[in-house]
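Have a look at the structure below before the remarks.
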Amino acid sequence: TTWRSRLDQTTTWGVTVVAAILTWAFSSADNPHYIILVGILALSFFLFIEARRYRDYDVYRSRVRLFQQNWLADALDPSVGVEYDDWRSKLSRDYRTPTLKVSILEATANRLRRIYLPLLAVLLVAWLFRITAFAPNESLLATATIAAVPGVLVVAAIALYYIAAIIIVLWPRERHAKGEFREGDPEAW
């Protein structure tokens, strides 16, 4: 549960930073719009931390799942048998030489899908609203300018960032995380 609470703390910090930045960004028309972009960077930093923590958490979660599938399930209904014949040696090897079960890309995709993509979407909508609402007579590209950086480059960088995030989430890959509740019929219970 320690690893799970560490993930939750990172998420809490991400939500808190987003709320604080949005509050400040919209508190005055004089506040710069790029503070929301700083929020996107901060949220990306939290995403990276959480993806790393998720990989560590998954090591322990997969061990518990292996134990549940083979020992507990067999103890409750021995007629079915164990899922893996060599589950004890597999678990023993993992305790002796712990290994990460998921890649950083899979962990990032998981955390994006579950938490960070909606938060990033809120920041994107807020940024678009911020650069258009406070300067209704100017074009989007003109108001997106940051100091000497032209608005077209800022918008292009933001677009590329979000396209990359969506690709990471949607890219088909074989799942290595063990014991996710993603399959099965909920009506079967």
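Residues to consider are TYR95, TYR54, TYR60, TYR116; find the one that is under 30 Å from TRP171 (Cα atoms) and at pLDDT below 85.
On the way: TYR95 fails: under 30 Å from TRP171 (Cα atoms); TYR54 fails: at pLDDT below 85; TYR116 fails: at pLDDT below 85.
The unique qualifying residue is TYR60.
How many of the residues in the range 126-143 are open to solvent by 60 Å² or more (accessible area, probe 1.4 Å) and closer than 17 Å to LEU22 by Cβ? Let's see the steps before the verdict.
Initial filter on the range 126-143 (open to solvent by 60 Å² or more (accessible area, probe 1.4 Å)): 128-129, 132, 134, 136-141.
With the extra rule that they be closer than 17 Å to LEU22 by Cβ, the set shrinks to 128-129, 132, 134.
Number satisfying all stated conditions: 4.
Being free of Cβ contacts under 8 Å to residues at least 60 places away in the same chain, surrounded by fewer than 20 Cβ atoms within 10 Å (Cβ to Cβ) and among the polar types (S, T, N, Q) is the filter here; which residues of the range 5-37 pass it?
Across the range 5-37, the qualifying residues are SER5, GLN9, THR12, THR16, THR23, SER27, SER28, ASN31.
Could you identify the single residue in LEU123, LEU91 that is part of a helix (DSSP H, G or I), in contact (Cβ under 8 Å) with a residue 40 or more places away in the chain and open to solvent by less than 60 Å² (accessible area, probe 1.4 Å)? Please lay out each step first, then the result.
Values: LEU91 fails: in contact (Cβ under 8 Å) with a residue 40 or more places away in the chain.
Testing whether each residue is part of a helix (DSSP H, G or I), in contact (Cβ under 8 Å) with a residue 40 or more places away in the chain and open to solvent by less than 60 Å² (accessible area, probe 1.4 Å) leaves just LEU123.
Yes or no: ASP74 surrounded by 12 or more Cβ atoms within 10 Å (Cβ to Cβ) and without any contact (Cβ under 8 Å) to a residue 12 or more places away in the chain? Break it down stepwise before answering.
Numbers: surrounded by 12 or more Cβ atoms within 10 Å (Cβ to Cβ): yes; without any contact (Cβ under 8 Å) to a residue 12 or more places away in the chain: yes.
Criteria met by ASP74.
Look at the range 38-71 and say how many of its residues are over 24 Å from GLN9 (Cβ atoms) and either buried (at least 20 other Cβ atoms within 10 Å of the Cβ) or touching a Gly at 6+ places or on another chain (Cβ under 9 Å) (or both). Even if it seems obvious, please write down each step before you answer.
Within the range 38-71, the first condition is being over 24 Å from GLN9 (Cβ atoms), and the residues that meet it are 66-71.
Subsequent filtering for residues that are either buried (at least 20 other Cβ atoms within 10 Å of the Cβ) or touching a Gly at 6+ places or on another chain (Cβ under 9 Å) (or both) retains 66, 68-70.
Result for the range 38-71: 4.
A quick yes/no check of all residues on (1) among the β-branched types (Val, Ile, Thr); (2) within 30 Å of LEU141 (Cα to Cα):
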site	(1), (2)
THR11	yes, no
VAL18	yes, yes
ASP30	no, yes
PHE46	no, yes
ASP58	no, no
PRO78	no, no
VAL82	yes, no
ARG96	no, no
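If you take the residues of the range 137-170 that are among the small types (Gly, Ala, Ser) and more than 30 Å from ARG114 (Cβ to Cβ), which of them is nearest to the chain's Cα centre (by Cα)? Full working, then the answer.
First, pick out the residues of the range 137-170 that are among the small types (Gly, Ala, Ser): 139, 142, 144, 147-148, 151, 156-157, 159, 164-165.
Checking the rest, the ones that are also more than 30 Å from ARG114 (Cβ to Cβ) come to 139, 142, 147-148, 151.
On the way: SER139: 33, ALA142: 32, ALA147: 31, ALA148: 32, GLY151: 28 Å.
Per the stated criteria, the residue is GLY151.
Which of the numbered conditions does LYS101 fail, given that it passes all the others? Conditions: (1) of a type in the set (Lys, Arg); (2) in contact with a helix residue (DSSP H, G or I) (Cβ under 8 Å, 6 or more places away or on another chain); (3) open to solvent by 90 Å² or more (accessible area, probe 1.4 Å); (4) over 22 Å from VAL15 (Cβ atoms).
Of everything listed in (1) of a type in the set (Lys, Arg); (2) in contact with a helix residue (DSSP H, G or I) (Cβ under 8 Å, 6 or more places away or on another chain); (3) open to solvent by 90 Å² or more (accessible area, probe 1.4 Å); (4) over 22 Å from VAL15 (Cβ atoms), LYS101 misses just condition (3).
The values are calculated or read from the model by the stated rules, or taken from the named source; none is laboratory data. Since this is a predicted model, take the numbers as computed values, not measurements. A quick note on method: Cβ atoms are made from the backbone with ideal geometry, for glycine too, and the neighbour counts reach across all protein chains shown. In case anyone asks, the SASA skips ligands and DNA or RNA and just uses the protein heavy atoms, side chains included. Shrake-Rupley method; radii C 1.70, N 1.55, O 1.52, S 1.80 Å.
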